[in-house]
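Engineer: Sharing a structure with you now.
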Amino acid sequence: MASNLDYLNPALLPLEDKVKAYLEAEEDLRKAIIEARNLQVPDPAAMEAELSALQRPATGSFDQPIDEVQQRLQNMHDDLAYLRQEIIGMVPTRNEWVKVNLGYGPSRVGVFSAPAPDTAEPHYELRIVH
């Protein structure tokens, strides 16, 4: 029975916090991607309403330029990659699951070897089951 409670180990708290931050960043990136798609493909009804009004939009009401949105998405991707590497470094074992507490019971985090045909160095991928 004690092995089922290993996920409550206080030594895993920094890893748990980092995984939670990673999952939040992943969710923020998903939302930002959807937001960026909505900026690129405007709503036809909204465009028609703007054209029919023949009125200049208020100052400051213009959409963000696409370049700024793409830069924001790239920064979010970079932050996510950095968090991923930090977590890979924090997980105590390779090629097996570690139980962690993400707030709703035991979840699993693992760092597993993945084939990397272009390099001789081992490549690891992060897997999270929550």
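Engineer: Quick one: in region 80-113, which of the residues that are in contact with a helix residue (DSSP H, G or I) (Cβ under 7 Å, 6 or more places away or on another chain) and closer than 21 Å to Arg30 by Cβ is most open to solvent (accessible area, probe 1.4 Å)?
Structural biologist: Arg84
Engineer: Something else about it: Please work out which residue is farthest from Gln85 (Cα to Cα), limiting yourself to region 105-130 and to residues that are touching a residue at least 24 places away in the same chain (Cβ under 8 Å) and hydroxyl-bearing (Ser, Thr, Tyr).
Structural biologist: Ser107
Engineer: Please find, among Tyr82, Tyr104, the residue that is at pLDDT 85 or above and of a type in the set (Phe, Trp, Tyr).
Structural biologist: Working: Tyr104 fails: at pLDDT 85 or above.
The match here is Tyr82.
Engineer: Can you tell which of Asp6, Asp28, Asp17 is surrounded by 10 or more Cβ atoms within 10 Å (Cβ to Cβ), modelled with pLDDT of 60 or more and touching a strand residue (DSSP E or B) at 6+ places or on another chain (Cβ under 8 Å)?
Structural biologist: After ruling out the rest, the residue left standing is Asp6.
Engineer: Would you point out the residue of region 102-130, among those that are in a loop (DSSP other than H, G, I, E, B) and under 20 Å from Val19 (Cα atoms), that is farthest from the chain's Cα centre (by Cα)?
Structural biologist: So the first thing to find is which residues in region 102-130 are in a loop (DSSP other than H, G, I, E, B), and the list is 102-105, 115-122, 130.
Pick out the ones that are also under 20 Å from Val19 (Cα atoms) and you get 102-105, 130.
Numbers: Leu102: 16, Gly103: 18, Tyr104: 20, Gly105: 21, His130: 14 Å.
Residue satisfying both the conditions and the ranking: Gly105.
The values are calculated or read from the model by the stated rules, or taken from the named source; none is laboratory data. Since this is a predicted model, take the numbers as computed values, not measurements. With ideal geometry, Cβ positions are generated from the backbone for all residues, glycine too; neighbour counts draw on all protein chains shown. All accessible areas refer to the heavy atoms of the entire protein, side chains included, with ligands and DNA or RNA removed. Shrake-Rupley method; radii C 1.70, N 1.55, O 1.52, S 1.80 Å.
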